[in-house]
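The structure appears right after this line, and notes come after that.
Nothing in this text is a laboratory measurement; each read-out follows from the coordinates by a stated rule. Please read all numbers here as calculations on a predicted model, not as lab measurements. Virtual Cβ from ideal backbone geometry, glycine too; neighbours counted across all protein chains shown.
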Amino acid sequence: MNTLSVSRTALTVGLFIGGLHAVWSVLVLSGWAQTLYDFVLWAHMIHLPIIIGPFEVTAAITLIIMTFLMGCVFGYAFAYLWNWLHRGA
């Protein structure tokens, strides 16, 4: 079995998860977030009266940084466990 680079996996997952939240922030800024959210709930036959708030740059930056860091932690843990489980295989 191949081993994973712990640091590259951490960075990859962090960039992916942080990037998804950067896209969400752009959707909120552009005014498309509510439409997308309503569509997803409709498609899952869920009815929740939730309103997406106005864009706040501080909240967006915090969201992106925190999800990037958590993605790095999860990516690191995944690669570490993968390598540990496949050692000597």
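Descriptive notes on the structure:
- log₁₀ of I(q)/I(0) at q = 0.16 Å⁻¹ - the chain, Debye sum with one point per alpha carbon: -0.74
- Listed residues Trp24, Trp32, Trp42, most fluctuating in the chain (Gaussian network, C-alpha, under 10 Å): Trp42
- Residue list for region 72-89, given a label point 7 angstrom along the Cα-to-Cβ vector of Ser7 and an amide N cut-off under 13 Å: none
- Only Cα pairs under 8 Å and 6+ residues apart enter the sum, and on that basis the relative contact order of the chain stands at 60 percent.
- The chain: most fluctuating residue of Val73, Val26, Val57 per GNM, C-alpha cutoff 10 Å: Val57
- Residue with peak Gaussian network fluctuation, the chain [Cα springs, cutoff 10 Å], from Ala77, Ala33, Ala43: Ala43
- Remark: Thr58, Thr67 ranked as Thr58, Thr67, counting other beta-carbon atoms within 10 Å and listing the fewest first.
- Under the span-like rule (Cα at least 24 Å along the axis, Kyte-Doolittle mean at least 1.0), DSSP H helices of the chain: 6-30, 57-85
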